[in-house]
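Below: one structure, written as structure tokens.
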């Protein structure tokens, strides 16, 4: 399966994903869920970074803090972490997400691509998240 993305008004590569809190079951009807635009940030090694307001809106349980280093060369910082369920297409992962008090954007990083077993394909037509098996069909060798 290939998930098609798009470029936003700032030409950032974006994908729509679903985020929800934790219930007794993933299908718990009382658990609030939202569909959000997420920016694919290949410089971000983590799974997902959420704005603080989304974490509050979804009543995500905060689980601690994590040290982070930003690419701008600034000093290391500490960010809150929260548990969430993230769905892409027909697959859901329960993850520890970083929670930003300063950003209003949802970022997905390289761990997101690895955990969902996706390859990022970029073209002038848009962006695509293809299952890794798609690359085998194209005869793309593994990184060795």
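The values are calculated or read from the model by the stated rules, or taken from the named source; none is laboratory data. It should be emphasised that the depicted structure is a prediction, and the values quoted were computed from it without experimental measurement. When we count neighbours, we look across all protein chains shown, and the Cβ atoms used for this are built from the backbone with ideal geometry, even at glycine.
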Regarding region 85-95, can at least one residue be identified that is touching a residue at least 60 places away in the same chain (Cβ under 8 Å), outside any strand (DSSP E or B) and at positive phi? yes
Mind checking which residues of region 33-80 are out of contact with any helix residue (DSSP H, G or I) (no Cβ under 9 Å at 6 or more places or on another chain), surrounded by 13 or more Cβ atoms within 10 Å (Cβ to Cβ) and part of a loop (DSSP other than H, G, I, E, B)? 58
Pairing a residue in region 14-32 that is at pLDDT below 70 with any residue that is part of a strand (DSSP E or B), where Cβ atoms lie under 7 Å and the two sit 6 or more apart in sequence or on different chains, gives 26/85; 26/92
Which one is farthest from residue 5 (Cα to Cα), of the residues in region 98-111 that are in contact with a strand residue (DSSP E or B) (Cβ under 6 Å, 6 or more places away or on another chain) and in contact (Cβ under 8 Å) with a residue 60 or more places away in the chain? 105
